[in-house]
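Notes follow once the structure below has been shown.
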Amino acid sequence: MHPTPSQTVGPFYGYALPFPGGGEIAPVGHPDAITVHGYVYDGAGAPIPDALLEFWQPGHARAGKPGSMRRDPVTGGFAGRDGVTFTGFGRVATAADGHWSIRTLPPAGVPYLSLCVFARGLLHHLYTRAYLDPAATDPLLAALAPGRRATLLAAQEDPRTHRFDIRLQGPEETVFLDFR
Amino acid sequence: MTLTQHDISREIARQATAHAATGEAAHHPARGYAPYRSSRLRHPGQPLVTVQDPEGAELSGPAFGLTDVTELDADLTRQHTGEPLGERITVTGRVLDRGGRPVRGQLVEIWQANASGRYAHQRDRHRAPLDPHFTGVGRCLTDAQGQYAFTTVRPGAYPWRNHHNAWRPAHIHFSLFGTAFTQRLVTQMYFPGDPLFPYDPILQSVTDPAARARLVATYDHDLSVPEWSLGYRWDIVLDGPTATWTEEGR
Ligand SMILES: [Fe+3]
């Protein structure tokens, strides 16, 4: 069957998609939790204040668990995560300065976090990967020229903090992926 | 110089002609589509890098469950103390993968303007009335047949600033998950027969007429509820790499 075409997320998804704790993927107080953060920039180098990022890391089970977006059955409002389950899914909107951050567990089985980028002005979302280990190797990284490869490697700021900037266009444009 | 609808319509026509000349079907919009001005600095210039990675994390996906939705969420007309203004509608359809199989138990999220064409969002400066009884946000899980259903009001058309006198046709924004992260889809559903279709660079960014038609719901009288609501049907097919939809290994 032919797929339904993509359309932009637009500017007004605010009440619908971001949710409290969307970037708190690691269970509360988990001793292995890491912070991953960065900025999203457009082709003129300006920060994008209305991008929406989704993160996916299947962890040991290779599959997601429900509970990223628990709803309060009384009010219909967000009840937050349960604080215990690692669901592997995160969603954050960029702030007015283009900055985002998440707290999660180090990826298991693969050396990267999977990302999906949405924004006003972007008619079809973009996939990329944030490789957290600067020495990571895999077939994708091996196939890229060094300059392009560098756009997928997060910078380690301290043992528990990684910086990953996303550039939608321009000389340092992030490598975006198409899955076949 | 002010950019007019005439200028944009001419660009739209040029893009449509260029697409027709390729003789190929294009299921999705190109990310760089000049008539939609916001796309100009927000699309990659390099081609996407193809990944053939059957073990990749992206071939699994997040799951959602009964804790992630409440009964209230699928009826956008009952989220406040009073009834919202506008024409009440029910929107339903099936979510399928490219193999035609239902996508079961997955999250469908929607958001939309109110009947006057205004979003309950601080940055929406359109001088149409806000409706204290309508936020315009809903969610549900698909059932065992892949079916979703919402009750809401028909959204109004609204102006935006792409060019002088730019108006968006009425639409509902949809966000969908499949069983793989690579099946993710954010899109917009349109209403049949809207006279604004040819003028809208966002809808026309889907340059293939058959693909564009797949964004338009069908009025279905059998779905209309007597003394209550008008019914629209809109089925959604999630894209994704071959590995997520062929019969191989299933
Ligand atoms: Fe909209």
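Note on the protein assembly as shown: dipole from Cβ charges, positive end direction compared against A:P106, B:G93, A:I166; the farthest Cα belongs to A:I166. Counting only other chain Cβ atoms within 10 Å of each residue's Cβ, the peptide B:175-185 averages 5.
Averaging the Cα positions of each part gives two centres, and for the range A:21-85 and the range B:112-171 these lie 25 Å apart.
Taking the DSSP beta bridges with both ends in the protein assembly as shown, the antiparallel portion is around 75 percent.
Modelled this way, with points 7 Å down the Cα-to-C-beta line, the labels at B:E227 and B:A25 are 4.5 nm from one another.
Restricting the GluC sites (Glu not before Pro) of the range A:86-180 to loop positions (DSSP other than H, G, I, E, B) with no more than 14 neighbouring Cβ atoms within 10 Å leaves A:E172. Below 8 Å, C-alpha to C-alpha, sequence gap of six or more: please give me the relative contact order for chain A in percent. Computed value for chain A: 30 percent relative contact order.
For the protein assembly as shown, the Stokes-Einstein estimate of translational diffusion at 20 °C and a viscosity of 1.002 mPa s comes to 96 µm²/s, using the Kirkwood hydrodynamic radius over alpha-carbon pairs.
Remark: mean inter-chain Cβ contacts per residue of B:48-55 equal 6, using a 10 Å Cβ-Cβ cutoff to other protein chain atoms. Rounded to the nearest 500, what is the protein assembly as shown's calculated 222 nm mean residue ellipticity when only DSSP H runs of at least 4 contribute -39500 (n - 2.57) each, over all residues? Counting only the DSSP helices, I get -2000 deg cm²/dmol. Shown for A:L177, B:L196: other C-beta atoms within 10 Å of each C-beta, ranked fewest to most, produce the order B:L196, A:L177.
In terms of other Cβ atoms within 10 Å, B:M1, A:M69, A:M1 run from fewest to most in the order B:M1, A:M1, A:M69.
Which of the GluC sites (Glu not before Pro) across the range B:19-77 are loop residues per DSSP, with 14 or fewer other Cβ within 10 Å? Passing both the DSSP loop test and the Cβ count: B:E24, B:E55.
Taking amide H atoms as placed 1.01 Å from N in the peptide plane, the amide H of B:G65 lies under 5 Å from those of A:G67, each 5 or more residues away in sequence or on another chain. Karplus-derived 3J(HN,Hα) values for the range A:128-137, using 6.51 cos²θ - 1.76 cosθ + 1.60 with θ = phi - 60°, are 8, 9, 9, 7, 8, 8, x, 9, 4, 9 Hz; glycine and proline are entered as x. Converting phi to 3J(HN,Hα) with the Karplus coefficients 6.51, -1.76 and 1.60 and the offset θ = phi - 60°, the range A:146-161 yields x, x, 6, 4, 4, 6, 9, 9, 5, 8, 8, 8, 7, x, 10, 10 Hz in sequence order, with x at every glycine or proline.
What separates the Cα centres of the range B:1-45 and the range A:128-172 is a distance of 31 Å. Per residue of A:124-130, other chain Cβ atoms within 10 Å of the residue Cβ number 5 on average.
Coordinate-derived values only; no laboratory data. Since the structure is predicted, the reported quantities are computational estimates derived from the model, not experimental observations. So basically every Cβ, Gly included, is an ideal-geometry build from the backbone, and we count neighbours across all protein chains shown.
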